[in-house]
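Take a look at the structure below.
The values are calculated or read from the model by the stated rules, or taken from the named source; none is laboratory data. Small disclaimer: the values here were computed from a predicted structure and weren't measured. Here the Cβ is made from the backbone with ideal geometry for all residues, glycine too, and neighbour counts use every protein chain on show. Each accessible area value is taken on the protein alone, full model and side chains, heavy atoms only, with ligands, DNA and RNA left out. Shrake-Rupley method; radii C 1.70, N 1.55, O 1.52, S 1.80 Å.
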Amino acid sequence: MFLRASFCRLNVFIFCSFFALNLHAQSNSDQDNQALQQEAASFYQQQDWKKAADAYEKIVEQVPQNYAAWYRLAIALIETKQGIRALDALEIAGKSPQIPPSLTLYQRARVHKLTGNKKLMFQRLNSAADAGYASLSNLTENAFWDEVRQDKEFSDVVHKVDRTARPCAYDKKHAEFDFWLGHWDVYGNKERTGPLFGKNHIEKQQNHCLMMENWNGSGGSIGTSMNYYDGTVGKWVQHWVSGGGTVITIEGGLTKGSMLLVGKIFYMNTQTNPIRDFRGTWTPIENDLVRQFFEESIDGGKTWTPWFEGFYFKTSD
């Protein structure tokens with residue numbers, strides 16, 4: 001009985017010691033791999049492509065399932081003009097659901113340019129664009145493509161990628177309010193003899209997905225609005241905030257050539273009916289002239305009272 005107990009304790013000791021040694025070895029291996037990944041990332045960021053390729057090659061030898069490392073290895077190999085080896089790395093990187101196919105297709109196109117296969121290069125570029133490739137600057141600013149930049153096929157790819165990168169710039173809905181874009185002097189009448197109410201500047205931002213308004217009134221009033229087409233509701237939306245705390249939230253769309261937006265206005269400094277119904281109408285009258293007309297209601301929209309009327313005359317600044 002004593003011998004059996006001693007034998008069991010010895011077995012437990014040996015197993016625990018073996019487990020501890022393996023755990024320690026695994027810990028050291030993980031630390032070494034992490035240090036190697038940091039070193040590889042540093043070489044990659046510094047564009048020291050030879051050292052980056054060597055480092056990522058060591059990483060994938062240790063962890064073959066590190067698909068991100070395979071992808072970066074492919075790029076480093078392309079940069080060191082090792083196209084065939086890069087294709088092998090891209091084949092493995094492409095197995096990862098975390099790496100979009102458009103990226104590996106784009107890198108394949110670069111390999112085919114290196115190897116002089118122009119036909120396959122354009123096929124891969126078009127496939128990348130069809131798969132949603134959106135890094136427009138990689139095509140328009142990268143000297144790698146200078147030799148083919150004037151080719152019509154390349155221009156077609158750039159156009160296709162641009163539509164993916166800047167979809168609002170190509171969507172008709174997002175252009176419905178473009179007649180309000182520009183620098184404007186705002187007067188009280190169409191003849192421009194009335195008082196100058198102020199100056200307004202409306203510009204496109206966020207790749208044409210957003211219109212920003214910046215108002216500076218002659219009397220010192222200021223305000224800013226965000227205007228955009230909201231696809232979730234199928235309407236144009238405006239959010240206005242003035243320096244005096246007035247907030248306007250209205251939405252709508254084109255009606256008989258005018259932009260009509262309806263919603264609410266909130267007056268921070270008003271005690272009676274601080275929240276009221278509100279609507280605004282923007283009408284292009286002729287080239288470089290737009291009428292803006294605001295109304296509010298305190299009876300739930302039964303009757304409307306004029307709130308502001310301004311005529312926008314386009315200026316050069």
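Worth pointing out:
Conditions tested, residue by residue: (1) closer than 30 Å to residue 108 by Cβ; (2) open to solvent by 30 Å² or more (accessible area, probe 1.4 Å); (3) in contact (Cβ under 8 Å) with a residue 40 or more places away in the chain.
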| residue | (1), (2), (3) |
| --- | --- |
| 162 | yes, no, no |
| 170 | yes, yes, no |
| 203 | no, yes, no |
| 218 | no, yes, no |
| 230 | no, yes, no |
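- Scoring residue 186 on the criteria (1) among the aliphatic types (A, V, I, L, M); (2) open to solvent by 40 Å² or more (accessible area, probe 1.4 Å); (3) more than 26 Å from the chain's Cα centre (by Cα); (4) within 30 Å of residue 235 (Cβ to Cβ) leaves a single failure, condition (2).
- Residue 194, sole failed condition from (1) assigned to a strand (DSSP E or B); (2) in contact with a Gly (Cβ under 9 Å, 6 or more places away or on another chain); (3) not polar (S, T, N, Q): (1)
- Among the residues of segment 296-317, the one identified as among the acidic types (Asp, Glu), part of a strand (DSSP E or B) and without any contact (Cβ under 8 Å) to a residue 60 or more places away in the chain is 296.
- Screening residue 131 on (1) of a type in the set (A, V, I, L, M, F, W, C); (2) open to solvent by 20 Å² or more (accessible area, probe 1.4 Å); (3) closer than 30 Å to residue 227 by Cβ shows it passes everything except condition (3).
- Whichever residue in segment 264-280 is part of a strand (DSSP E or B) and free of Cβ contacts under 8 Å to residues at least 24 places away in the same chain and, among such residues, is surrounded by the fewest Cβ atoms within 10 Å (Cβ to Cβ): 275
- For the condition over 21 Å from residue 134 (Cα atoms), surrounded by 24 or more Cβ atoms within 10 Å (Cβ to Cβ) and within 26 Å of the chain's Cα centre (by Cα), residue 53 does not qualify.
- Within segment 189-198, one or more residues are under 23 Å from residue 268 (Cα atoms) and surrounded by 15 or more Cβ atoms within 10 Å (Cβ to Cβ).
- Residue, surrounded by the most Cβ atoms within 10 Å (Cβ to Cβ), within segment 107-128, restricted to residues that are farther than 18 Å from residue 164 by Cα and of a type in the set (Gly, Ala, Ser): 109
- Hey, residue 262 within 34 Å of the chain's Cα centre (by Cα) and more than 24 Å from residue 179 (Cβ to Cβ) or not: no
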